[in-house]
Amino acid sequence: MINIPEVKLGIVATSRDCFPITLSEKRRDAVVKACTEKGISIKEITTTVENEIDAMNALKEAYDLGVNALVIYLGNFGPEGPETMLAQKFDGPVMFVAAAEETKDNLYDGRGDAYCGMLNASYNLNLRNLRVYIPEFPVGYAEEIADMISDFEDISRVILGLKKLKIISFGPRPQEFLACNAPIKPLYDLGIEIMENSELDLFESFNNHKDDKRIPDVVEDMEKELGVGNKYGGILPKLAQYELTLKDWVERNIGASRYVVFANKCWPAFQTQFGFVPCFVNSRLAANGIPVACETDIYGALSEYIITCATDMPATLLDINNTVPKDMFEDNKEIIGDYKNSDLFMGFHCGNTSSCMMKNFSMKYQRIMHRLLEPDKEPDITRGTLEGTIRPGDITLFRLQSTADTKLRSYVAEGEVLDIDPMSFGSIGVFAVKEMARFYRHVLIEKNFPHHVGVAFKHAGKVLYAAMKLLGVDDVSFNQPASMLYRSENPFK
């Protein structure tokens with residue numbers, strides 16, 4: 001994947017001066033060993049923090065090693081002042097975890113009391129107004145700490161990505177989709193840059209790429225990806241021209257940022273002026289870690305990017321679209337299992353999902369736009385979708401959105417795509433989320449979320465929830481058990 005940060009983890013042990021420093025160091029070594037065995041790359045900072053001077057030396061060592069995400073490990077009780085000062089000075093995401101006692105045979109000279117020390121650390125973190133990642137139960141053995149660090153690596157990728165992200169948009173949001181409103185102030189609060197452009201800017205740049213010498217190579221790559229699904233090969237040169245237009249725009253305009261996403265208006269004038277629909281190009285860029293949200297959905301693009309960083313996989317943007325008909329439900333009872341029909345819905349968009357995330361796909365045309373713009377004609381300007389059934393498996397629904405009064409809120413819901421033929425068009429699948437009906441009413445409607453949802457193709461709720469909290473998004477909703485409408489604690493235990 002391109003366009004997402006590389007996380008360089010580091011771990012530093014802390015020790016309260018009345019406890020054996022060797023206990024913290026031995027336990028830190030065990031965590032590093034456990035990480036290595038699990039394939040987690042982490043730099044071991046040899047300075048153990050007992051005082052403020054140690055904290056500054058550890059900070060320098062971390063930077064010298066290129067560390068951009070720091071694990072502060074309480075190998076024993078730990079000095080809450082110096083260890084939280086280190087967190088305050090470190091320019092990047094920070095995680096606090098602590099050591100569990102290993103054996104009943106060593107509870108005199110080998111007892112570390114880190115279980116106690118985490119309480120004081122959390123109090124001092126609050127005094128300093130610091131947001132750090134503390135796992136659901138942050139005290140564990142080396143192997144358990146390594147698993148927590150694996151989650152922190154994914155969380156850190158989100159935080160680091162947003163710090164260097166620029167969102168590029170083309171065109172105003174459509175009149176029909178005012179729900180995709182995009183107050184700009186919260187983006188700056190998150191450290192994100194925004195560059196809004198006219199569709200004329202994009203059209204001019206597209207025309208300037210006519211006869212670009214690179215077009216044949218891009219067409220060849222598109223043909224290779226589509227294979228037997230290349231149903232409208234004649235449109236590929238225009239799509240290749242458009243893809244090069246967007247990539248060159250990034251090169252010229254990324255500026256001081258390092259990562260970029262797009263939010264582009266894609267209908268109805270797009271078809272009549274550009275002569276195609278951009279869906280296939282959007283899907284290809286998403287496969288490389290550059291989401292392109294439809295309908296100038298700026299927060300949709302942001303949500304896709306957060307998912308991409310959290311999972312290191314392509315994301316997609318879909319409509320929470322339509323109910324599953326009763327006869328389809330009855331005909332697929334063996335696949336559906338104990339889900340209720342109200343737990344199901346169809347996730348759909350015109351054709352923007354990456355080919356690697358569909359079980360079958362082919363180049364087609366945008367049926368809804370064809371109905372509007374080319375009635376009773378062979379598809380021409382509406383060609384360019386990538387259609388297919390979204391592959392079955394685990395998914396996470398996610399969206400970060402600003403309210404009209406610039407308050408950030410988010411939701412997370414884990415579920416799955418069922419292996420059922422949706423018997424329709426577009427990039428589409430039958431989605432199952434436990435208690436979806438309640439979530440739909442009491443979160444999506446009650447909190448005024450729009451119809452677009454970012455989709456991760458794995459269960460990533462724990463990572464996304466923690467990332468939102470670390471970013472300061474306190475209003476995070478999630479699918480909850482039937483016995484409860486709302487919960488305030490972390491649900492991903």
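The values are calculated or read from the model by the stated rules, or taken from the named source; none is laboratory data. All of these numbers come straight from a predicted model, not from anything done at the bench. Cβ sites come from the backbone with ideal geometry, for glycine too, and all protein chains shown count toward neighbours. Ligands, DNA and RNA are excluded from the accessible area calculation, which covers all protein heavy atoms including side chains. Shrake-Rupley method; radii C 1.70, N 1.55, O 1.52, S 1.80 Å.
Details
- If only residues of region 206-238 that are in contact with a strand residue (DSSP E or B) (Cβ under 6 Å, 6 or more places away or on another chain) and part of a helix (DSSP H, G or I) are counted, the one that is surrounded by the most Cβ atoms within 10 Å (Cβ to Cβ) is 235.
- Those helices (runs of 4 or more DSSP H) of region 4-109 in which at least 3 residues are among the hydroxyl-bearing types (Ser, Thr, Tyr), considering only elements entirely within it, cover 21-37.
- Subset of region 248-307 [over 22 Å from the mean Cα position of the chain (by Cα), polar (S, T, N, Q) and either open to solvent by less than 20 Å² (accessible area, probe 1.4 Å) or within 26 Å of residue 226 (Cα to Cα) (or both)]: 271, 272, 273
- Search result, residues across region 349-380 that are within 27 Å of residue 221 (Cβ to Cβ) and of a type in the set (A, V, I, L, M, F, W, C): 350, 356, 357, 358, 361, 363, 369
- Considering 359, 377, the condition of being surrounded by fewer than 14 Cβ atoms within 10 Å (Cβ to Cβ), closer than 23 Å to residue 233 by Cβ and in contact with a Lys or Arg (Cβ under 8 Å, 6 or more places away or on another chain) is satisfied by 359 alone.
- Considering region 159-175, and only residues there that are outside any strand (DSSP E or B) and within 19 Å of residue 399 (Cβ to Cβ), the residue that is most open to solvent (accessible area, probe 1.4 Å) turns out to be 173.
- Against the test of being more than 30 Å from the chain's Cα centre (by Cα) and buried (at least 16 other Cβ atoms within 10 Å of the Cβ), the options 76, 68, 51, 106 yield a single qualifying residue, 76.
- Checked against the criteria, residue 152 counts as buried (at least 16 other Cβ atoms within 10 Å of the Cβ) and in contact (Cβ under 8 Å) with a residue 60 or more places away in the chain.
- The set of residues from region 278-299 being touching a residue at least 60 places away in the same chain (Cβ under 8 Å), within 18 Å of residue 386 (Cβ to Cβ) and not in a loop (DSSP other than H, G, I, E, B) comprises 279, 280, 281, 282, 283, 284, 286, 287, 292, 293.
- Only one entry in 341, 322, 253, 332 is within 25 Å of residue 410 (Cβ to Cβ) and at pLDDT 95 or above, namely 322.
- Within the set 443, 430, the sole residue that is among the hydrophobic types (A, V, I, L, M, F, W, C) and at pLDDT 95 or above turns out to be 430.
- Condition check for residue 220: at pLDDT 95 or above, under 27 Å from the mean Cα position of the chain (by Cα), among the charged types (D, E, K, R) and over 20 Å from residue 270 (Cβ atoms): no
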